[in-house]
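Right, one structure below, let's go through it.
The values are calculated or read from the model by the stated rules, or taken from the named source; none is laboratory data. Not measured: the values here are computed from a predicted model. Glycine also receives a Cβ, built like all others from the backbone with ideal geometry; neighbour counts cover every protein chain displayed. Ligands, DNA and RNA are stripped out before the accessible areas are found, and what is left, the full protein with its side chains, is counted by its heavy atoms. Shrake-Rupley method; radii C 1.70, N 1.55, O 1.52, S 1.80 Å.
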Amino acid sequence: MDKLSLPRTDLALEVRETFPEDDVEIQGVILKEEYNKKRDIKVTTVTIKEERGAKAMGKPIGNYITIEAANLGDSDESYHEPISKEIVKYVRQLAGNVAGKEILVAGLGNRDVTPDALGPQVVENLFVTRHLKEEYGSEFLTKNKMGNISAIAPGVMAQTGMETSEILKGIIKETMPKLIVVIDALAARSVDRVNKTIQITDTGISPGSGVGNNRKALNKESLGVDVIAIGIPTVVDAATIVRDTMERFMQGQGFKEQEINQFTSELGSQSMKTMFVTPKNIDEAVKQMSYTISEALNECFV
């Protein structure tokens, strides 16, 4: 399949999977997989080490950690606790030693559109503490095992008339955080990863890129502060669903690969490029997933 016709995705793991052979070696890209059979949690780390790999992947140099958990959107507390622990583990791994330092959490997205409300809901559930330091001093936070966290849900440009980067730059100038953690809903290539996958990366994020609504990137280069992005895919391209369904059907009917590719390439019509699909239980799933991320962040920076 032509790389230009590939369905949209925010997941580095899915970009890696678009290469012809699953075990093909991409220069400058390292792939590592771990699987917890007891918890049914798979962790894949894609590390892009140099420009050659970045060009092949279409992603910036950095680390992309994908946590796949089949029941991520379900309301099972016993299942979500180990997932939160995994998030804590990998955020700390990427963040380095920031315990006690000021952290700004930015929950991106439109709180009025459920599949896009992950970021704002994480902020709502977060235990913010920066004001406590201002009032009682840093010793109070240390004594009570609290991180130094502030948070903002900046909304979307249609609501504010401003780029998220412009809003964050103003906050950074005033509060001078050492690290920014950005939360956003993503788009997936596969329906099997919607509400079942968490991506954590130290390369920042380009809000809306997965749905073709590109905004200015949020990263160290643009903001002047280290940025860790956490995202969960909540939508999938409608054309992808039709394409995959027809591909499986035609394979079953004995069509040749060239015939299948020719047919499916015509499915990416303009009328479908702006259509995205989300599961019917998205309200409950986003609520549960936002709690999972907020609980992890509450623990991360103590």
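In order along segment 58-66, the phi-based Karplus estimate (6.51 cos²θ - 1.76 cosθ + 1.60, θ = phi - 60°) of 3J(HN,Hα) comes to x, 9, x, 4, x, 10, 10, 9, 10 Hz; Gly and Pro are listed as x.
Considering Cα pairs under 8 angstrom that are at least six residues apart, work out the relative contact order of the chain and quote it in whole percent.
It rounds to 23 percent for the chain.
As a fraction of the 1.4 Å probe accessible area of the chain, surface on carbon and sulfur atoms comes out at 49 percent.
Per-residue ellipticity at 222 nm, computed for the chain from helices alone with -39500 (n - 2.57) per DSSP H run of at least four residues, works out to -11000 deg cm²/dmol.
The radius of gyration of the Cα set in segment 51-94, together with its Dmax, comes out at 14.6, 42 angstrom. Amide H to amide H distances under 5 Å link Ala153 with Gly107, where only residues 5 or more positions off or on other chains count and H is placed in the peptide plane.
In nm, what is the difference between 0.36 nm times the number of residues separating Ser222 and Gln253 and their Cα-Cα distance? Spell out each step's value before the answer.
On the way: separation 31, 0.36 × 31 = 11.16 nm, distance 5.07 nm.
So the extension gain works out to 6.1 nm.
Using +1 on the beta carbon of Lys and Arg, -1 on that of Asp and Glu, and nothing else charged, what's the dipole of the chain about the Cα centre, debye to 20? Kindly include the intermediate steps, with their values, before the conclusion.
Values: 36 positive and 44 negative charges, 117 e Å.
So the magnitude is around 560 debye.
Taking label positions 7 Å along the Cα-Cβ direction at both Glu139 and Asn36, the computed distance is 3.8 nm, reported to one decimal. Under the rule a/c < 1.5 gives rounded, and otherwise a/b versus b/c splits prolate from oblate, where does the chain land using the Cα gyration tensor? Taking the square roots of the gyration eigenvalues as a ≥ b ≥ c, the chain is prolate. Averaged per residue, the chain has 52 square angstrom of accessible surface, using a 1.4 angstrom probe with ligands and nucleic acids left out. Pairs exceeding 18 Å between alpha-carbon atoms, taken from Lys85/Lys143; Lys173/Lys220; Lys196/Lys280: Lys85/Lys143.
For the listed peptides 247-258, 281-292, 86-97, a ranking on the average number of other beta carbons within 10 Å per residue, highest first, reads 281-292, 86-97, 247-258. In segment 84-151, the alpha-carbon atoms span a convex hull of 103 Å³ per residue.
Taking Cα atoms, how many degrees apart are the long axis of helix 77-95 and the longest axis of the chain, rounded to 10 and kept between 0 and 90? On a 0 to 90 degree scale, this one is about 80. Charge dipole (Cα centre; +1 on Lys/Arg Cβ, -1 on Asp/Glu Cβ; no other charges) of segment 149-248 amounts to roughly 40 debye.
Each residue of segment 221-234 was assigned a 3J(HN,Hα) from its phi angle through the Karplus curve 6.51 cos²θ - 1.76 cosθ + 1.60 (θ = phi - 60°); the sequence is 5, 8, 10, x, 9, 4, 10, 10, 10, 10, x, 10, x, 10 Hz, with glycine and proline shown as x. The angle between the Cα long axis of helix 164-175 and the longest principal axis of the Cα atoms of the chain comes to about 20 degrees, rounded to the nearest 10.
Given 0.36 nm per residue, what is the gain on full extension from Thr18 to Glu50 after removing their alpha carbon distance, in nm?
Values: separation 32, 0.36 × 32 = 11.52 nm, distance 1.94 nm.
Length difference between fully extended and current span is 9.6 nm.
Tell me, what is the FRET efficiency for Thr160 and Val113 to the nearest 0.05, using R0 = 22 angstrom and their Cβ-Cβ distance as r?
Values: r = 15 Å, r/R0 = 0.68.
According to the calculation, E is roughly 0.90.
What does DSSP give for segment 143-250 in terms of the percent of beta bridges that are antiparallel, rounded to the nearest 5? The antiparallel fraction comes to roughly 30 percent.
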